[in-house]
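Before any comments, here is the structure.
The values are calculated or read from the model by the stated rules, or taken from the named source; none is laboratory data. This is a predicted model, so every value here is computed, not measured. Every residue, glycine as well, gets a Cβ built from its backbone with ideal geometry; the counts of neighbours run over all protein chains shown. These accessible areas exclude ligands, DNA and RNA; they are computed on the full protein's heavy atoms, side chains included. Shrake-Rupley method; radii C 1.70, N 1.55, O 1.52, S 1.80 Å.
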Amino acid sequence: MIDRMRERAISIDDLNHLRLWIDSNPEVPEGDWYKDFGSFKICGNGSLPKTFLLRGQAAKGDAV
């Protein structure tokens, strides 16, 4: 993720949105889910984040 940020594929604003979202203790589904931040998506399963996708990559699961 740091490499993508340095390559400007992930914006600082979107990373700040991620931080705020995490700080809010969001509720996520038990199964697969994703949250779209614009320049990237975070994907997880249950309470665990699993991967980051870049803009345009398809995510599976429920949008949160």
Of all the residues that make up the stretch 28-53, how many are of a type in the set (Gly, Ala, Ser), modelled with pLDDT under 95 and not in a loop (DSSP other than H, G, I, E, B)?
-> 0
Please identify the pairs in which a residue from the stretch 7-29 that is closer than 22 Å to Asn45 by Cβ has its Cβ atom under 7 Å from the Cβ atom of a residue that is open to solvent by 90 Å² or more (accessible area, probe 1.4 Å) and part of a helix (DSSP H, G or I), counting only partners at least 6 apart or on another chain.
-> Ile10/Arg4
Members of the stretch 8-35 found to be under 16 Å from Phe52 (Cβ atoms) and of a type in the set (Ser, Thr, Tyr), listed by number | Ser11, Tyr34
Complete set of residues in the stretch 30-63 that are without any contact (Cβ under 8 Å) to a residue 24 or more places away in the chain and of a type in the set (S, T, N, Q) | Asn45, Ser47, Thr51, Gln57
Output for the stretch 19-46, where each listed residue is surrounded by 11 or more Cβ atoms within 10 Å (Cβ to Cβ), over 23 Å from Ala9 (Cα atoms) and among the polar types (S, T, N, Q) = Asn45
